[in-house]
Amino acid sequence: MIKTVYSEVKPYTRGWLALVGGLTAVILAALFAVHTMEHQGHWVTGMTNQVVWGMPHVFAVFLIVAASGALNVASMGSVFGREAYQPLARLSGLVAMALLAGGLAVLVLDLGRPDRLVVAMTHFNFKSIFAWNVILYSGFFAVIGIYMWTMMDWTARRFYKPAALAAFLWRLILTTGTGCIFGFLAAREAYGAAMMAPLFIAHSFAIGLAMFVLVLLVAYKMTRRPLSDELLGRLLRLLGLFVAANLYFMAALHLTQLYFAGRSGVEAFILWEGGTVTSLFWLGQVGLGGIMPLIIAFGGCGHAPRKRLTMASILVVAGGLAQIHVLIIGGQAWPLDLFPGMEVSSSFADGRIHAYTPTLLETLLGLGGVAISLLITVIGVTALRILPTDLAPSTPDRME
Amino acid sequence: MTLLARLLLGLMLTVTAAAAFAADFPALPKARGGDCVAAAPVMRRDHADMLKHQRDDTLRRGIRGVKASLKDCVACHSTDGADAKPVPITAPGQFCQTCHAYVAAKPDCFECHATTTGAAP
Amino acid sequence: MTEVSRRHLLLASGAVLITRAAQARAPGEAASPSQRWGLLIDTAKCDSGCTACIDGCKAEMGLTGHDRPLTDAQYIRKLTVKDPMDGNTHFLPVMCQHCAKPACVDVCPTGASMKRADGIVLVDRHICIGCRYCMMACPYKARSFTHEEQSGQKPHLPRGKGTVEGCTLCVHRIDAGGQPACVEACATKGKGAMLFGDLKDPGSTIARRVAAEATTRIRADLGLGPAVRYQGI
């Protein structure tokens, strides 16, 4: 086995400064948006009493789901023994923590009373899946923290395997928990209870890997560290596999929904009558995020692996955002059915499709979360020995 | 921590430092109605706890008509202006506000709770 | 005095008499699980043009609003329900259904959404963090988020930016032995379509009528056990 050498990224280079400066600017803009939202109240956003969760939640759920997926690369190496992935495990853990932190920040900053965060930490309703998620998220940091420590400190090496396994199991539970937030909403017809958890897991594999790959590619480009095409090709095929799994569970969700009595209305809305939601579903979620990456990964396009991987990852991220948008916004745009089979109207927008037009403010908040994640990653690779200096040596094993 | 702060404050406001701080401590508007729900030193020290306890009792358990109701504090401790209109209890110089400004406490209660006994200011 | 208004007067006084069942608890006494407050709404008596219950609620709760229908709070609203098969149309008020197994209480992360011992479902706005998960979970769309700063609140109904609110069944009136403002308004200004009372007291009018007559609950299939029952729908 070839020994991997890790080294910190050199700070204060021109590229590093530009990157950190850019990310900080986005975060400052997001904080300004938060200040406005909290000072004025949420009426300045596009969110209403009908569409109560909006753009911030799309970004937050995306980042949280991606976080657990980003840990996969580490798990591939340490739980499933794929040695090619082992040098990437540290980065995988860091990106996972960073994405989770960014997602949680967005979630918290969108609260009506973010000043009461202490209340959320001290009052627990153990019947609430939301409260359980708070525990799962905090635990995720702890578990990955320990896992990273066992990787980076040779004296803790004997805890490496159990820590890796714990992190892997924890991330599965975490994504299941996130899926259940939606799966448990019995009255919202768009959310088919049984399919939500597996769909979220498959989706987390795909978008988590895509985010990880983008960080990896940019980091290696900017620090001029070598990456082997062999590794990139491997990652591309893995991404294709996850995208296929996501597509499969997505199809399963919609098929079971179509079977379900009384759910045909909401399905028709999402699949063909829903305007923006429908376009996002077919063009974004299925087209950009599903079919295109599959073609790039497995079709015979002649571009270099780096180019194909970059393209596929960007598409998966875009498609992933669309998928979560369809889920969260589409699921709320469809009205609650108080009297199945009847036509209902009221002064409170009953029986109508609810429009949602996000404002710049809430979009900035969402982007701020992404920037927070990336900034944490940059600081992490600068301060710690996370990145292998060289990922181009001939890979020892070829098991796939 | 808060206990210590409260003890110190109680001491400060009541016995030892009374003389030293008397000059600085702002005058509070007179309350209307009868006696306070507890003796003044007790009120100064414990009102935050009393209110929080009362709040849970009333809202979560439905216990009404007992001691430390926030509505009642406002009823006694709010004042009328020169134009005989009620002055919001959060206005500068009013009972709670004056003292809180002095000790730099910023309870958020009156974001929701009515600041006068009547309907609207 | 015309006949109609005399009838209204009679109905009104009748409603007030019938629902005297509610008695103010002694000071210091907690709400009791031996009671279960509920409503019975007769849709046959609910007219299309009438907004008495809504106006009564707004006045009682000080829901002034900011003229922004999508973000202003509505504790009670009137639904127009039309059968697409025959075009028949009915009207009925919908508010928090004060469920026996409220979805909002189950999902609330901090326990701010709560059910009092006597079955009234409330938001403890002192520990509400404004996450709005309860609004996602409620099948009745009964809750509103306070989207902006409020002023001129009523002393009995504090409300402020950043928390979730909804119908309290006029808990402040019930605790004082009264009945909800909407019920009172419907009796005096409407046609007396709403009846309030203790579903657990076998002697109460509401319990006797629910026992004797067919009533329905909205989305009974979800099994949440609403305390608001409807007739004629």
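Some points to look at:
- Summarising the amide proton neighbourhood of A:Tyr6: residues at separation of 5 or more, or on other chains, whose placed amide H is nearer than 5 Å comprise A:Thr389.
- Scanning chain A for trypsin sites (Lys or Arg not before Pro) in DSSP loops with at most 15 neighbouring Cβ atoms within 10 Å leaves A:225-351 as the longest stretch between them.
- Cα point-scatterer Debye curve for region C:31-165, base-10 log of I(q)/I(0) at q = 0.19 Å⁻¹: -1.25
- Cross-link partners for C:Lys78 among the aspartates and glutamates, with Cα-Cα distance under 14 Å and sequence neighbours closer than 8 places in the same chain left out: A:Glu343, A:Asp350, C:Asp42, C:Asp47, C:Asp55.
- Rounded to the nearest 20, the Cβ-based charge dipole of the protein assembly as shown about its Cα centre (Lys and Arg +1, Asp and Glu -1) stands at 1020 debye.
- Chain lengthening between A:Phe80 and A:Ser347 when straightened (0.36 nm per residue, less Cα-Cα): 90.5 nm
- Maximal additional length on extending the B:Asp83-B:Thr98 stretch stands at 3.3 nm, based on 0.36 nm per residue less the C-alpha distance.
- Among A:320-333, A:59-72, the order from most to least packed when residues are scored by Cβ within 10 Å on average: A:59-72, A:320-333
- Stretch gain in nm, segment B:Ala48-B:Arg32, where the contour uses 0.36 nm per residue and the Cα spacing is subtracted: 3.7 nm
- Approximating the spin labels as points 7 Å out from Cα along Cα→Cβ, the C:Asp86-to-A:Arg158 distance works out to 8.1 nm.
- For a modelled paramagnetic label at A:His39, 7 Å from Cα along Cα-to-Cβ, the residues of region A:106-142 in reach, with backbone nitrogen under 19 Å, are A:109-116.
- By average C-beta atoms within 10 angstrom, highest first, the peptides A:199-210, A:249-260: A:199-210, A:249-260
- Expected-Rg normalisation [2.2 N^0.38 Å, Cα atoms] applied to the protein assembly as shown: 1.09
- Candidates C:Val210, C:Val81, C:Val105, ranked by Gaussian network fluctuation over chain C, Cα under 10 Å, top entry: C:Val81
- Couplings 3J(HN,Hα) for region A:148-162, derived from phi with the Karplus relation 6.51 cos²θ - 1.76 cosθ + 1.60 (θ = phi - 60°), are 4, 5, 5, 7, 9, 10, 5, 5, 9, 4, 6, 8, 4, 4, x Hz, where x marks Gly and Pro.
- With Cα atoms, 0 to 90° folded angle of helix A:360-383 axis to chain A main axis: 20
- Summing Cβ point charges (Lys, Arg +1; Asp, Glu -1) relative to the Cα centre of region C:3-231 gives a dipole of roughly 140 debye.
- Selected from A:Ser228, A:Thr278, C:Gly87, residue furthest toward positive end of dipole (the protein assembly as shown; charges at beta carbon): A:Ser228
- Ranking C:His66, C:Cys128, C:Leu169 by how far each Cα lies toward the positive end of the dipole of region C:3-231 (charges on Cβ) leaves C:Leu169 at the top.
- Using a Förster distance of 51 Å, the FRET efficiency for A:Arg237-C:Arg68 (Cβ separation, nearest 0.05): 0.50
- Our summary of shape: the Cα atoms of region C:116-233 have principal axis extents of 45, 33, 28 Å, ordered from largest down, in whole angstrom.
- Both the radius of gyration and Dmax for chain A are 21.4, 70 Å, in that order, over alpha-carbon atoms.
- Relative contact order of chain A, taken over Cα pairs closer than 8 Å and 6 or more residues apart, is 33 percent.
- Computed label-point distance, nm, for sites A:Ser264 and A:Thr13 using a 7 Å Cα→Cβ extension: 6.1
- When Rg and Dmax are taken over the Cα atoms of region C:3-231, they come to 17.3, 54 Å.
- Note on C:Ala44 and A:Val218: their simple-model spin labels are 6.8 nm apart, each label 7 Å out from Cα toward Cβ.
- For region A:121-199, alpha-carbon Rg relative to the globular expectation (2.2 N^0.38 Å, N residues): 1.37
- In region A:1-41, the alpha-carbon atoms span a convex hull of 101 Å³ per residue.
- Entries of B:Lys71/C:Lys154; B:Lys106/C:Lys154; C:Lys58/C:Lys101 with Cα pairs more than 19 Å apart: B:Lys106/C:Lys154; C:Lys58/C:Lys101
Laboratory data are not the source of any read-out in this text; all were calculated from the coordinates shown. Remember, it's a predicted structure, so these values are computed and weren't measured experimentally. So basically every Cβ, Gly included, is an ideal-geometry build from the backbone, and we count neighbours across all protein chains shown.
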